[in-house]
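Okay, structure first, notes after.
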Amino acid sequence: MTPDPFEPDHIRALRDQIARFIAAEAPPERRRAWEARQDWPRDVFAKLAALGICGLTIPEAYGGLGEDVAAAVAAVEELARAGTFLAGPFIHCAFYGGMNISENGSPEQKAIMLPKLARGDMFFAYGLTEPDVGGDLSSVRTRVRREGDELVVDGVKRWATGARFADYLYCLCRSDPDAPPRAGLTFILVPLDAPGVTITDLGHTAMRYTHSCDVTMEGVRLPASAVVGGEAGWGRGWSMLAGRALDVEKLEVAAVAFGTARACVEEAWSYAQMREQFGRPISGHQAVRHALVDARTKLEACRHLLTHAARLAGAGHPCGVESSMAKLFVCEAAVEIGLACQRVVGSYALEPGCELDRGVRDLLSFPIVGGSSNMQRNNIAAMLRLKS
Ligand SMILES: Cc1cc2nc3c(=O)[nH]c(=O)nc-3n(C[C@H](O)[C@H](O)[C@H](O)COP(=O)(O)OP(=O)(O)OC[C@H]3O[C@@H](n4cnc5c(N)ncnc54)[C@H](O)[C@@H]3O)c2cc1C
């Protein structure tokens, strides 16, 4: 893509640094091996973290680089050009962990966790979805109750991506069953090796940097300090869920979709100029030319929406509408882009292990994860006070 001339120099330098890192450490043959194993490379991620990028969501006082949402989103985009193998763990560390604890953690949680998160030494998994709870998160049934000085957690979380490698489940629980649905929720940090926690892998074709899992919690006993935000966080789960961290969460999913779609366009654009049929490169046939130009144009539109929302979020402006629009538009357009690129490349895009095949499978998941497209439409209509 043409570089954005208005992008700050430090973000452009970050993109170049990550692109060089990917070329050296995550070439296509290694990506194919990670995909086949459904795993991500700890050693490569450690080298990536040594560049300091996990601190892009964390204040300097805790060992981070100072929160820089636009740079963190750009990092996700660049990493996602090589699949989810590094982008995924980066998100579990810098966003699920760093962003949420910086935004919502108690002083004690910040002091203990943020330095580790900034170094890339700690990972969170999200525990929002349940077997009977998808988009309607205010109806979660996983229960946390107080017993003396302790907390007891019971329930099942579904699709908890990365629960096998993460240190903590950032777990949305019902703390007051008698309160109105949104008032009785609390986030609990559940260590994934705690007694009473059982993890079961679920099979899936997208985002194969790890497994998504069922996490079953039976009588899991935790100290009161496991409440996100400490005592003040009890009953504040909904405001943490719907707050600024969620706006940034939507951008991070859109950034993975954008980076993945960009890689699809780059591959199809290059292939179409090498592959010859009927005496000319297939890029010389008008239908193929138009398909590629349409894909690039949609990609450019995605970049504008995503960049605008990330800049608003980074500057601390309200950006609920813009981040939902970016999540909705980019994730939907990215599917169209990926499918168009797959058609341009033709049969070779269906080979197992091929980058485009993996990219399209990943792209199909983004309109679902992190709040489905319809949830974004509902949110945008509500935020813009559209009469119902
Ligand atoms: C690979 C993968 C990884 C995931 N990782 C995680 C994770 O780490 N942590 C986690 O907590 N969850 C995770 N999820 C779950 C994901 O966030 C949910 O799938 C998503 O929130 C949607 O929930 P659902 O699939 O149960 O759909 P449902 O909520 O059952 O909805 C099904 C369909 O109905 C539509 N719909 C529902 N209600 C409405 C309405 N009111 N108006 C209009 N349309 C509606 C939806 O848009 C959707 O199209 C993951 C899912 C996948 C596939």
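Only the coordinates and a few stated rules stand behind these numbers; no lab work does. Fair warning: this is a prediction, and the values are worked out from it, not measured in the lab. Every residue, glycine as well, gets a Cβ built from its backbone with ideal geometry; the counts of neighbours run over all protein chains shown.
See the values below:
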quantity	calculated
Positive-end residue of PRO28, ALA340, THR210, charge dipole of the chain with Cβ unit charges	ALA340
Alpha-carbon centroid distance for the pair region 83-162 / region 273-299, whole angstrom	44 Å
Check: region 287-372 dipole with +1 on Lys, Arg Cβ and -1 on Asp, Glu Cβ, in debye	160 debye
Between helix 286-314 and the chain: long-axis angle, C-alpha atoms, 0 to 90°, nearest 10	30 degrees
Flagged links, alpha-carbon separation over 24 Å, of LYS250/LYS298; LYS47/LYS116; LYS47/LYS327; LYS298/LYS327	LYS47/LYS327
Difference of contour (0.36 nm per residue) and Cα-Cα distance, GLU147 to SER347	66.0 nm
Bridge type composition, the chain - antiparallel percent by DSSP, nearest 5	85 percent
Volume per residue that the Cα convex hull of region 264-388 spans, once the total is divided by residue count, Å³	118 Å³
For LEU151, distant residues with modelled amide H under 5 Å away	LEU222, ALA224
Cα-Cα pairs of region 44-178 separated by more than 27 Å (percent)	26 percent
Rel. contact order, % - alpha carbon contacts under 8 angstrom, at least six apart, region 9-122	30 percent
Under 5 Å, built H, 5+ apart or other chain: amide partners of LEU169	ALA125, VAL190, LEU192
For the chain, calculated [θ]222 nm from helices alone, where every DSSP H run of n ≥ 4 adds -39500 (n - 2.57)	-15500 deg cm²/dmol
Rg(Cα) / (2.2 N^0.38 Å) computed for the chain, rounded to two decimals	0.99
Charge dipole (debye, nearest 20) of region 27-108; +1 at Cβ of Lys and Arg, -1 at Cβ of Asp and Glu	480 debye
Top of VAL293, VAL215, VAL76 by mean-square fluctuation, Gaussian network on the chain, Cα under 10 Å	VAL293
Mean separation of Cα contacts under 8 Å, 6 or more apart, over the residue count of the chain: relative contact order %	15 percent
Loop trypsin sites (Lys or Arg not before Pro), region 291-388 (other Cβ atoms within 10 Å of the site Cβ: 11 or fewer; DSSP)	ARG385, LYS387
Size of charge dipole - the chain - debye, nearest 20, with Cβ of Lys, Arg +1 and Asp, Glu -1, no other charges	700 debye
5 angstrom amide H check on THR161, placed H, neighbours 5+ away	TYR126, CYS213
Burial ranking of peptide ranges 111-122, 57-68 (average Cβ count within 10 Å, highest at the top)	111-122, 57-68
Unit charges at the beta carbon, dipole of the chain: most positive-side option, GLY120, ALA19, ALA46	ALA19
Karplus-derived 3J(HN,Hα), 6.51/-1.76/1.60, for each residue of region 150-166, Hz, glycine and proline x	9, 10, 10, 10, 9, x, 10, 10, 10, 6, 6, 5, x, 4, 5, 10, 6
Highest-fluctuation residue, GLY83, GLY105, GLY219 considered, GNM on the chain with Cα pairs under 10 Å	GLY219
ILE368 paired with ALA382, simple spin-label distance in nm, labels 7 Å along Cα-to-beta-carbon	2.3 nm
Full-extension gain in nm, GLN273 to ALA315, via 0.36 nm per residue minus C-alpha separation	11.0 nm
Angle in degrees between helix 373-383 and the longest Cα principal axis of the chain, rounded to the nearest 10	60 degrees
Phi-based couplings in Hz for region 222-235 (Karplus 6.51, -1.76, 1.60; Gly and Pro marked x)	9, x, 4, 5, 7, 6, 5, x, x, 3, 5, x, 5, x
FRET E, pair GLN286, GLN38, Förster distance 51 Å, beta-carbon r, rounded to 0.05	0.80
For region 199-214, Karplus couplings with θ = phi - 60° (6.51, -1.76, 1.60), whole Hz, Gly/Pro x	10, 10, 6, 10, x, 7, 9, 9, 6, 8, 7, 6, 9, 9, 9, 7
